[in-house]
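Written below as structure tokens is the structure these notes are about.
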Amino acid sequence: MEFRQIRYALAVAKERSFTKAAARLNISQSAVSEQVKLLEGSIGFSLFRRTGRGIEPTERGRMFLYEAERVVGDLMNLSDVARRLSGVGVETLVMGMGSGLASVLMPRIVPEGGFPANLHLEIKTAPTRVIFDDLHDERLDLGIAAMVSVDRVPSGLNSVPLFDLDMILIMPPSHALAAKKGTVDVGLLGHEPIIMNELSIGYGQIVGQMFNDLGIRPRIRAVADNVDTIKVMVQAGMGVAIIPSGAADLEVHAGLLAVRPLLPERSITVSAYMSRQALPRRKEALVERLLESARHARR
């Protein structure tokens, strides 16, 4: 069994045609057919059958090709690992990102001209507390999350403010407040069931302070550790929520959620968090380039 044979078989499965697979691979159809036949002889069963709609995998062929695709993916990842370990100019940067920030942050951190060719970026989305823990344990090189008070940042971490985001109210489009134009007074939310984020840090702490400033105790219906879950719960009619602006743009465009600005206004600062221990020089240069892009990107 050869890697080439598996690649050819996967191409046939994807194109559902030996002719199209050959064109995609830029080789002759006879070469594709020959290698697939050799593979079938090696494994002891047919991978494909002809039907009125073209070429389709057999039942055993479908199971084999599913596993083959996974193995090929693992092998390609292993090649990337080998290149990084051999030091051929590729730098891996592991970044933790606060929940709900992807749609706002990712367009900002792409430098002008695109990502550097020598950057392999791994992104993990997690609550703020987990990002802090992973930075402390050196499982992350960089964390980006809502700024928290200094006393809640673990010792050994530095922070760099990047940009500000307004907090907004999200609700089902059928909600009574969705029919109101303009801002929604936070004081009107005292009797609304609220879906909250982690309460002691991050968005949850900020939202809790918004109610505390008005002497209101919010009716917390549920607490979720990520904004995606909060949005789904709001769509299901479980309550309303206050999240960073931009975090629900896709759902608003799709008509799944309605948003309103709040009064009094409240914004959060999105910050980068890093260990005080210096990163390798090349990695540090990559981090600085990404952060500069985030700081100066147009809204």
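Where a number appears in this text, it was derived from the coordinates with a stated rule and is not lab data. Everything numeric here is computed off the predicted structure, so don't read it as measured data. Using ideal geometry, Cβ is built from the backbone for each residue, glycine included, and neighbour counts are taken over all protein chains shown.
Measure off 7 Å from each Cα along the Cα-to-Cβ vector at Arg217 and Ala278, then give the distance between these two points in nanometres to one decimal.
Computed distance between label sites Arg217 and Ala278 equals 5.3 nm.
Relative to the present Cα-Cα distance, how much length would full extension add between Glu265 and Ser46 at 0.36 nm per residue of separation?
Length gained, Glu265 through Ser46: 72.3 nm.
Percentage of Cα-Cα pair distances in the range 3-85 greater than 22 Å, rounded to whole percent?
26
Once you sort the root eigenvalues of the Cα gyration tensor of the range 165-299 as a ≥ b ≥ c, which label holds: rounded (a/c under 1.5), prolate (a/b larger than b/c) or oblate (the other case)?
Cα axes put the range 165-299 in the prolate bin.
Can you work out the Karplus-derived ³J(HN,Hα) for every residue in the range 215-225? Use 6.51 cos²θ - 1.76 cosθ + 1.60 with θ = phi - 60°, whole Hz, and x for glycine or proline.
Couplings: x, 10, 9, x, 8, 7, 7, 7, 10, 10, 8 Hz.
Using the Karplus equation 6.51 cos²θ - 1.76 cosθ + 1.60 (θ = phi - 60°), what ³J(HN,Hα) coupling, rounded to whole Hz, does each residue of the range 9-20 give in order, writing x for Gly and Pro?
These are the phi-based 3J(HN,Hα) values: 5, 5, 5, 4, 5, 5, 8, 6, 6, 5, 5, 5 Hz.
Over the Cα atoms of the chain, what radius of gyration and what Dmax do you get, in Å?
Looking at the chain, its Cα Rg and Dmax stand at 25.5, 78 Å.
Enumerate lysine pairs in the chain that are 8 or more residues apart or on different chains, then count those whose Cα atoms are under 27 Å apart.
6
Starting from 0.36 nm per residue, how many nanometres of slack lie between Arg60 and Lys37 once their C-alpha separation is accounted for?
6.8 nm
In the chain, once you exclude exposed GluC sites (Glu not before Pro) (DSSP loop, at most 16 other Cβ within 10 angstrom), what's the longest stretch remaining?
139-264
Amide H to amide H, which residues 5 or more places from Lys124 or on other chains are under 5 Å from it, using H placed in the peptide plane?
Met95, Gly96, Met97
Provide the per-residue ³J(HN,Hα) series for the range 187-199, in order, calculated from phi with Karplus coefficients 6.51, -1.76, 1.60 and θ = phi - 60°, each as a whole number of Hz, with x at glycine and proline positions.
Using θ = phi - 60°, the values come out as x, 7, 9, x, 9, 8, x, 10, 9, 10, 8, 2, 7 Hz.
I'd like the trypsin sites (Lys or Arg not before Pro) in the range 192-289 restricted to DSSP loop residues with at most 13 other Cβ atoms within 10 Å, sorted by number.
Arg276
Can you give the FRET efficiency to the nearest 0.05 for His253 and Leu75, using r as the Cβ-Cβ distance and R₀ = 41 Å?
It comes to 0.60.
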